[in-house]
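For reference, the structure is listed below as structure tokens.
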Number of protein chains: 2
Amino acid sequence: MITILSGGTGTPKLIQGIKEIYPEEDITVIVNTVENLYMSRGYIAADIDTVMYTFADLIDEEFWYGIKGDTFIVREQLIEMGTEELLRLGDKDRATKLQKAILMDEGWTLTDIVELQKNKLGINATILPMSDDESEITIATKEYGDIEFHDFLIKYQCNCEVLEVKYGDVSPSPKIIEAIENSDKVIFGPSNPITSIRPIISLKGVEEALKEKEVIAVSPFVGKSAFSGPAGQFMNAFGYETSSKGVAELYKSFLNTLVIDNQDADFKEEIKEIIPNVIVCNTFMKTIEDKINLAKIVLDN
Amino acid sequence: MITILSGGTGTPKLIQGIKEIYPEEDITVIVNTVENLYMSRGYIAADIDTVMYTFADLIDEEFWYGIKGDTFIVREQLIEMGTEELLRLGDKDRATKLQKAILMDEGWTLTDIVELQKNKLGINATILPMSDDESEITIATKEYGDIEFHDFLIKYQCNCEVLEVKYGDVSPSPKIIEAIENSDKVIFGPSNPITSIRPIISLKGVEEALKEKEVIAVSPFVGKSAFSGPAGQFMNAFGYETSSKGVAELYKSFLNTLVIDNQDADFKEEIKEIIPNVIVCNTFMKTIEDKINLAKIVLDN
């Protein structure tokens, strides 16, 4: 039994490897929810949907959101009628988002909705939203003041100086502490440490539960650049170095092992002063073989 | 300049005829809104959309709602995920409904939304919702008590005894009285008198405005059966005969001319005792020629 903490891009790639070599029914994924929002009357839980679509082999790997081969009929009609959407939602993907909003209107918790949806998609893994509460994430920037996370990503294309990342105070979903406690190992994929993983480990009881467990993390950094997305800007805003060393500092209270890329081999000893074990290997996941190889290392160490 | 009062099925057929022979920019249609409702996070103004799609030559004439040739990708995905919708919404049609809800969330009035949508659809006629207020219609039935109008139509397939039709008290949209006042003629299409037309004429100021105008109505009844839908059940519930004579009684305070079907020729004299003019002709609108012929009669008398 393993638990994986996931955001929206890096970790799903690792999940693609893990699910090839580990029984899917023994995997629990706890997914970040602070980026969730209502848009176009749907409820967008982008990271959750990416994890679901990854397990269901539906994920559009070009964008790491949405369903591959999806159509965009509703979107194109909305544009034709004068409504531009910030996110590019396909039709099937829109159904996933609309169903969440429909069921939330009916009083369902996000946990129960995701349980329904992942079952309908034929997924045997357990997928848990980190929280059933409405979350929010705000980026304090030098240029534009406080802005919404999605505006930061899409409207401003991350082109601003991040002063602070603020997320609201939410309660953990009841099942996540139990999932961690029942796991032989907890895996942090190479997701954004600040916007994807830190919201989960900041939840009441999570850090304490992690301290009792074997925890392994894959660094999302190589040298001082992130594999994808604005992780660097956020690390700096929290006072951490934008590097695997910064990740080690951020996770040091509970982390047993950090996996860093071959290109960072020189930093191994320095990082070992922060956390017990450091593994050096290829962390780029371009092919399914890359993903399976990294999955093996994470599962075996 | 003419104004047409419309519901969702009979009148749009007449509009198809009128728009072939009368300048579209000189037509205003006031549309019933009491059947509007939120469904699947969209705002369903079925009668308005039917009128819009009719003008835009997009209407699905099999059902008299929705867009011909539309796809059902979102709907099919929702069903696959376990969410059945009462109404069968196509993808493009869903965009129309979602945009209404999106813009209402942003504070737009229904009048302004319809103005945007009909312009985007290239429609030169003016289409006015009867009201910008949230409306509702409840059917009191013998078998099931008070039920929603859409449940009556779809879930119960009209198979119950109607005791009463109740609609909430709403304000007229600001433009409708003006539209009637500026018209040379007001036309009531063969829509359900109780659920489609009566809600409009019950609005404050409408009946008074109609009394000053030349008003012509096409009866939706032949003998004692309605052309389509549950009009008969509703007429009885309000104490009117389910016939053209009943329609004459319902509209007598302002109606100048009633158009009845050839099959009802025998009732002409009886109806003339209620309202000044009665025209007997074919009121079945199967072909575009039928529609244009009836439109000519309505426009010329």
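If you go through region B:180-221 and keep only what is over 19 Å from B:Leu14 (Cα atoms), in contact with a strand residue (DSSP E or B) (Cβ under 7 Å, 6 or more places away or on another chain) and of a type in the set (A, V, I, L, M, F, W, C), you end up with just B:Leu210. The residues of region A:41-52 that are touching a residue at least 60 places away in the same chain (Cβ under 8 Å) and more than 10 Å from chain B (Cβ to nearest Cβ), listed by number, are A:Ala45, A:Asp47, A:Ile48, A:Val51, A:Met52. For region B:142-157, a residue qualifies if it is of a type in the set (Val, Ile, Thr) and part of a strand (DSSP E or B), and exactly one does: B:Ile147. With respect to the conditions (1) within 22 Å of the chain's Cα centre (by Cα); (2) hydrophobic (A, V, I, L, M, F, W, C); (3) assigned to a helix (DSSP H, G or I), B:Leu89 falls short on a single one, namely (3). For region B:10-65, the set of residues classified as open to solvent by less than 20 Å² (accessible area, probe 1.4 Å), β-branched (Val, Ile, Thr) and either in contact with a His (Cβ under 8 Å, 6 or more places away or on another chain) or part of a helix (DSSP H, G or I) (or both) consists of B:Thr11, B:Ile15, B:Ile18, B:Ile48, B:Thr50, B:Val51, B:Thr54, listed by residue number. Inspect all residues belonging to region B:67-77 and state whether any of them is open to solvent by 60 Å² or more (accessible area, probe 1.4 Å), within 9 Å of chain A (Cβ to nearest Cβ) and without any contact (Cβ under 8 Å) to a residue 24 or more places away in the chain. Yes, region B:67-77 has at least one match.
In region A:78-89, the residues that are within 9 Å of chain B (Cβ to nearest Cβ) form Cβ pairs under 9 Å with partners that are exposed (fewer than 15 other Cβ atoms within 10 Å of the Cβ) and modelled with pLDDT under 95, at six or more places apart or across chains, as follows: A:Leu78/A:Glu84. If the condition is being within 20 Å of the chain's Cα centre (by Cα) and closer than 17 Å to B:Tyr22 by Cβ, then region B:258-295 contributes B:Val259, B:Met285, B:Ile288, B:Asp290, B:Lys291, B:Ile292, B:Leu294, B:Ala295. Identification of helices (runs of 4 or more DSSP H) wholly contained in region A:158-260 with 3 or more residues that are at pLDDT 85 or above yields A:174-181, A:198-201, A:206-211, A:244-251. A:Phe63 falls short on exactly one of the conditions (1) out of contact with any Lys or Arg (no Cβ under 9 Å at 6 or more places or on another chain); (2) more than 10 Å from chain B (Cβ to nearest Cβ), and that condition is (1).
Residue count for region B:159-198, restricted to those that are surrounded by fewer than 24 Cβ atoms within 10 Å (Cβ to Cβ), within 17 Å of the chain's Cα centre (by Cα) and of a type in the set (Ser, Thr, Tyr): 2. Hey, among the residues in region B:110-124 that are under 20 Å from the mean Cα position of the chain (by Cα) and in a loop (DSSP other than H, G, I, E, B), which one's nearest to the other protein chains (Cβ to nearest Cβ)? Only one residue fits best here, namely B:Leu121.
Considering (1) more than 8 Å from chain A (Cβ to nearest Cβ); (2) within 23 Å of the chain's Cα centre (by Cα), the lone condition that B:Leu98 does not fulfil carries the number (1). Just to be sure, is A:Met130 closer than 20 Å to A:Leu14 by Cβ, hydrophobic (A, V, I, L, M, F, W, C), within 14 Å of another protein chain (Cβ to nearest Cβ) and touching a residue at least 24 places away in the same chain (Cβ under 8 Å)? No: the conditions fail for A:Met130. Before we move on, is A:Asn236 of a type in the set (S, T, N, Q) and farther than 29 Å from A:Ala45 by Cα? No, not satisfied.
The values are calculated or read from the model by the stated rules, or taken from the named source; none is laboratory data. Model, not experiment: these values are computed from the prediction. Neighbour counts run over all protein chains shown; Cβ positions are idealised from the backbone, glycine included. Accessible surface is based on the protein model in full, side chains and every heavy atom, while ligands, DNA and RNA are left aside. Shrake-Rupley method; radii C 1.70, N 1.55, O 1.52, S 1.80 Å.
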